[in-house]
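Okay, so here's the structure we're looking at.
The values are calculated or read from the model by the stated rules, or taken from the named source; none is laboratory data. Just so you know, these numbers come straight off a predicted model, no measurement behind them. Note: ideal-geometry Cβ built from the backbone for every residue, glycine included; neighbour counts use all protein chains shown. These area figures cover heavy atoms from the full protein model, side chains too; ligands, DNA and RNA do not enter into them. Shrake-Rupley method; radii C 1.70, N 1.55, O 1.52, S 1.80 Å.
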Amino acid sequence: MNKKHRCLSAGILFADVGCQPIDHLPVPGELVPTQQVQLMLGGCASNVALNLAQLEVPVGLCGCVGDEAFSDFVVRSLEHPLIDTAGIKRAAHCGPGCTMIVNVKGQDRRFISTNGANAGFTAAVIPDAWAQEAEVFYLGGYLMMLCLEDDTMVEFFKKFHARGGKTILDVVLFGTRPYWDVIKPLLPHVDYFTPNNDEAKLICGLDDPVDQAKYFFDAGAKATVVTCGEAGSVFYSQNDRFRTKVFPVEFVGGTGSGDAFAAGFISAILDGGAPEDLMQTASAQGMSCVRDLSATGSVFTKAESKAFLAKNRLEIETIG
């Protein structure tokens, strides 16, 4: 039988408000119409948990929300037989993380965001029993949770990694500060560091995704996966170094695509996949996500993922 929590997904939980793509940004005082404004579940940890449930992976979810209506929406949206939400802490007199997502036709998304209750998330929120039984620990939205940026989190990664669990670190850059000083102590205990190329550039100052991946690998990460949107991804470890392209798709919205990618990656780890298998499954999940405005509305189920990958394979180029 499967363990109750094969994956432990911890990190930011959000309520997102997004619009269908508009023709242009409004000038001061202008009202620009859109077909829909939608309240959606967001946040790396919550999106990954829901996507893992779609892939039939039992997951324990840890994070912080507030005590008002948007927080109720977040918790209600996460009700699923394969998701244990007992690790969600409620903070008094506070709202959840919340992001306004502005989609303009032909342009990348724009975000206005508050971390809300996520700011109070600490390693103490994570149940010890969950940390002992999970095979994979995913931390999503690191750098938006200031209370995690201490030796306690480093020690948690170290212990989880030392007992044979796989660790995955994902980030969301929040504000302007020297991110590298915060991330560097964690990397020796990280199996997979998964920034996008824009985040990686702000962290290490390098432009090329391969150079970025090598930089983090040299700093201690066992493997780095740098996602580059339509340009594909880079995988860089001691024994496997390659680029992938992306699966073609009719793009609707990019919200949550990185989280869907992460969930596919985790499910492939649990299936015992080789690095190329991890990237194939992750890329398929990421592709399935962008067919909808929401972060989770169109992601593949396990059966859909298997059927898709049986007929479609990514182009892969070895890095010299």
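Just a few scattered comments:
- Test: residue in segment 225-246 that is touching a Pro at 6+ places or on another chain (Cβ under 6 Å), farther than 30 Å from residue 162 by Cα and not in a helix (DSSP H, G or I): yes
- Matching residues in segment 201-244 - criterion: being of a type in the set (Gly, Ala, Ser), open to solvent by 50 Å² or more (accessible area, probe 1.4 Å) and at pLDDT 95 or above: 205
- Flag for residue 48 being assigned to a loop (DSSP other than H, G, I, E, B), β-branched (Val, Ile, Thr) and crowded, with 16+ Cβ neighbours inside 10 Å: no
- Segment 99-145: number of residues that are within 30 Å of residue 252 (Cβ to Cβ) and surrounded by 16 or more Cβ atoms within 10 Å (Cβ to Cβ): 19
- Of all the listed residues (173, 61, 169), the sole one being free of Cβ contacts under 8 Å to residues at least 60 places away in the same chain, of a type in the set (A, V, I, L, M, F, W, C) and part of a loop (DSSP other than H, G, I, E, B) is 173.
- The criterion of being in contact with a Leu (Cβ under 7 Å, 6 or more places away or on another chain) and modelled with pLDDT of 95 or more does not hold for residue 48.
- Yes/no for residue 5 being assigned to a loop (DSSP other than H, G, I, E, B), closer than 25 Å to residue 285 by Cα and in contact with a strand residue (DSSP E or B) (Cβ under 9 Å, 6 or more places away or on another chain): yes
- Any chance residue 207 is of a type outside the set (Ser, Thr, Tyr) and outside any helix (DSSP H, G or I): yes
- So residue 258, is it open to solvent by less than 50 Å² (accessible area, probe 1.4 Å), in contact with a strand residue (DSSP E or B) (Cβ under 8 Å, 6 or more places away or on another chain), outside any loop (DSSP other than H, G, I, E, B) and at pLDDT below 95: yes
- Segment 181-222, residues that are out of contact with any Pro (no Cβ under 8 Å at 6 or more places or on another chain) and at positive phi: 205
- Strands (runs of 3 or more DSSP E) wholly inside segment 84-166 containing at least 2 residues that are at pLDDT below 95 and of a type in the set (A, V, I, L, M, F, W, C): 97-102, 110-114
- Where a residue in segment 178-194 is farther than 14 Å from residue 158 by Cα and outside any strand (DSSP E or B) and its partner, wherever it lies, is among the β-branched types (Val, Ile, Thr) and open to solvent by 10 Å² or more (accessible area, probe 1.4 Å), with Cβ under 6 Å and at least six apart: 179/203; 180/203
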